[in-house]
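Engineer: Mind having a look at this structure? Questions to follow.
No lab work stands behind these numbers, since they all come straight from the coordinates. Bear in mind the structure is a predicted one, so any value in this text is a computation, not a measurement. Neighbour counts are summed over all protein chains in view; Cβ atoms, including those assigned to glycine, are modelled from backbone coordinates with ideal geometry.
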């Protein structure tokens, strides 16, 4: 009995030691997440990418505690076929990476990175590739941020004056304001797109200026607990001052018109 008791005590001590060691193990510096969303439409910088049709989107993200991150994201699109640029293309596939960190111990942060927009498919003869590479730099505080993106290629294959559009830039002012501990948040955005060689200086003979400003306002709710904990449900209204003659596709659909969007999103 004494031997059994001593053996049991030894096992218990070993288990406690193992538990203590496990509890003291440092947290992993690596974080991997996945996300998936379903929306009534895909709006990018105020312009519809799916011509009023629903969108299924998703991606994966890796982040290191140092601030370094990498990710990929995809969505269905229809605009390349709708505008006659590609004869077979229904996917946007993005690849991005960068460095994001707080300024000291403050609530201010900065974000430096790059993103490549890839559109697999078959181009029609004479069409410039829609694949686009951008660099970006952002500054923010808690729930508000400003981000500057600079294009290194033709801007999604656009050449409104026949000249290259590398050097195009976009400024994104965004805010997602949490309403206390309710799970609700208010969404706001204003953007400025300046397309290089877009005819704004009077050299365009067909179409008119392509650059524009866009905005959106909306709200979201994130489920705090239960079976669908973390599920985000949102809605917003998007608009812009783009000239519709440039953004109307071959079917007659105006991809720049104001519209409302609803979506659900889950991050794992």
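Engineer: With r as the distance between the Cβ atoms of residue 27 and residue 127 and R0 = 51 Å, compute the FRET efficiency 1/(1 + (r/R0)^6) and round to 0.05. Don't jump to the answer; show the numbers that get you there.
Structural biologist: Working: r = 49 Å, r/R0 = 0.97.
The pair residue 127/residue 27 has a calculated efficiency of 0.55.
Engineer: For the chain, what is the Kirkwood estimate of the hydrodynamic radius, computed as the reciprocal of the mean inverse distance between distinct Cα atoms, to one decimal in Å?
Structural biologist: Working: mean 1/r = 0.0468 Å⁻¹.
One over the average 1/r among Cα pairs gives 21.4 Å for the chain.
Engineer: Assuming R0 = 25 Å, can you tell me the calculated FRET efficiency for the pair residue 108 and residue 231, based on Cβ-Cβ distance, to the nearest 0.05?
Structural biologist: Values: r = 30 Å, r/R0 = 1.19.
That gives a FRET efficiency of 0.25.
Engineer: To the nearest 10 degrees, how steep is helix 2-24 against the longest Cα principal axis of the chain, on a 0 to 90 scale?
Structural biologist: Helix 2-24 sits at roughly 30 degrees to that axis.
Engineer: Let me make sure I get this right: for the stretch 130-261, a, b and c are the square roots of the gyration tensor eigenvalues over alpha carbons, sorted descending. Under 1.5 in a/c it's rounded, otherwise prolate if a/b > b/c, else oblate. Which is it? Working shown, then result.
Structural biologist: Values: a/c = 2.66, a/b = 1.92, b/c = 1.38.
Cα axes put the stretch 130-261 in the prolate bin.
Engineer: Also, quick follow-up: Any idea what the relative contact order of the chain is, in percent, if you count C-alpha pairs under 8 Å spaced at least 6 apart? Mind showing how you got there, number by number?
Structural biologist: On the way: 636 pairs, mean separation 36.8, N = 268.
So the answer I get is 14 percent.
Engineer: Based on DSSP H runs of at least 4 residues, each adding -39500 (n - 2.57), what is the mean residue ellipticity at 222 nm of the chain after dividing by all its residues, to the nearest 500 deg cm²/dmol?
Structural biologist: On the way: 3 runs with 31 residues, N = 268.
The helix contribution divided over the chain gives -3500 deg cm²/dmol.
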